[in-house]
Amino acid sequence: MLLLTKAVFAVMIGFLCASILGVILIPCLKRMHIGQRISIFVGESHKQKEGTPTMGGLIFILSTILTVVALLITNKIPYTSNLGIVLLVFIGHAIIGFLDDYLSIKKKNNEGLTTYQKLLMQVLIAIGFFYIYMKNGGQTSFTVGTLHIDLELGFVYGLFILLVLVGSSNAVNLTDGLDGLAGGLSAIAFIAFALISLMVGYEDLGIFSLILCGSLLGFLVFNTYPAKIFMGDTGSLTLGGTMGAIAILTHRELTLVVVAGVFVIETLTVIIQTISVQLFHKKIFLMTPIHHHFEKLGWKEPDIVKTFWICGLILAMAGIIFGVWL
């Protein structure tokens, strides 16, 4: 009963804090002229969004950090090495995303940090992750109980951590193209990982996931169609990296592929399209990521988002079954 109360409290505090921050932050960003520049390739329907405040990820990032700190200070939750690692990844990717957004705005285009600069910073985060993880006796084997896989990786596990963090952060970043799409799918995914974490004995990660989920719900008050603010790379890189970190710490890396299935599909469509164009000079999709393909087919933005949310919810439920029960 106490755990259930903690879970409800975590979601509630995250939501309230994000909602209040949104009311404060959006007018500030407007006054500072921190607006999103829209790519010419996404179509006329998106041009009206030009100038909408970006860096909205700060809403759920700050609310999550403030809530976690408050709960730690009041001894409502204990500090653990796992929580320390998640905060490292969470804050580290938030800094990467913030710098990327800041440089894009300063240059007045959509080019922020270079790919190599992002990768270097993610390597440093992965090194910190691996160091804390190993110092506290973390296992270095890739295990999937359902499939009877137990592969010892040793120090190669550090590279595995980097690949998961880079892959997950970029997947969410690619999906962040429609109002509420990445935010809603992330909230669903973190609910799933919260339940998985609590069921397999990682209460610290479960409570963190619920706080972040509540913060995302507060953010979606302002981010659903028509969006008053975009999360930007500040938010998308943070969400993806954190999702990957929790999957690694709960040893549910393969479950991440199921829970985050929509993000995976979005990424795969980009890869498939790129390979097809480079090798065969032919497009398979009208535009990628695939949510833009549906736009080109004439689907309305809210309908695409709701459909993808439903797919995300179904996959999240399947992920819970796969990660806990099977």
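Overview of values
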quantity	calculated
Filter result for residue 54 (modelled with pLDDT of 95 or more, in contact with a helix residue (DSSP H, G or I) (Cβ under 7 Å, 6 or more places away or on another chain) and under 30 Å from residue 207 (Cβ atoms))	no
Pairs with Cβ under 9 Å, 6+ apart, first in region 231-254 and open to solvent by 10 Å² or more (accessible area, probe 1.4 Å), second small (Gly, Ala, Ser) and not in a helix (DSSP H, G or I)	233/112; 251/141
Helices (runs of 4 or more DSSP H) wholly inside region 208-326 containing at least 3 residues that are out of contact with any Leu (no Cβ under 9 Å at 6 or more places or on another chain)	253-259, 261-280, 301-320
Residues satisfying the stated conditions in region 123-165, i.e. open to solvent by less than 20 Å² (accessible area, probe 1.4 Å), in contact with a Phe, Trp or Tyr (Cβ under 8 Å, 6 or more places away or on another chain) and touching a residue at least 40 places away in the same chain (Cβ under 8 Å)	161, 165
Residue that is modelled with the highest pLDDT, among those in region 22-36 that are in a loop (DSSP other than H, G, I, E, B) and farther than 20 Å from residue 183 by Cβ	32
Qualifying residue in region 303-323 (condition: farther than 30 Å from residue 146 by Cβ, open to solvent by less than 40 Å² (accessible area, probe 1.4 Å) and at pLDDT 95 or above)	yes
Number of positions in region 109-129 that are part of a helix (DSSP H, G or I) and charged (D, E, K, R)	1
Evaluation of residue 98 against (1) in a helix (DSSP H, G or I); (2) open to solvent by 70 Å² or more (accessible area, probe 1.4 Å); (3) without any contact (Cβ under 8 Å) to a residue 60 or more places away in the chain; (4) within 21 Å of residue 230 (Cα to Cα) (one fails), failing number	(3)
Cβ pairs under 8 Å, 6+ apart, first in region 166-179 and touching a residue at least 40 places away in the same chain (Cβ under 8 Å) and under 12 Å from residue 118 (Cα atoms), second surrounded by fewer than 24 Cβ atoms within 10 Å (Cβ to Cβ) and hydrophobic (A, V, I, L, M, F, W, C)	166/119
Count of residues meeting criterion [farther than 22 Å from residue 321 by Cα and in a strand (DSSP E or B)] in region 142-159	2
First in region 64-87 and closer than 17 Å to residue 198 by Cα and outside any loop (DSSP other than H, G, I, E, B), second anywhere and open to solvent by 20 Å² or more (accessible area, probe 1.4 Å) and among the charged types (D, E, K, R), Cβ under 7 Å, 6 or more apart	82/204; 83/204
Residue that is open to solvent by 50 Å² or more (accessible area, probe 1.4 Å) and within 18 Å of residue 171 (Cβ to Cβ), where the choices are 279, 268, 286	268
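The values are calculated or read from the model by the stated rules, or taken from the named source; none is laboratory data. On a predicted model such as this, the values are computed, not experimentally measured, just so you know. Quick reminder, even Gly has a Cβ in these numbers, built from the backbone with ideal geometry, and neighbours come from all protein chains shown. When the accessible area is computed, the model is the full protein with side chains, heavy atoms only, and any ligands, DNA or RNA have been set aside. Shrake-Rupley method; radii C 1.70, N 1.55, O 1.52, S 1.80 Å.
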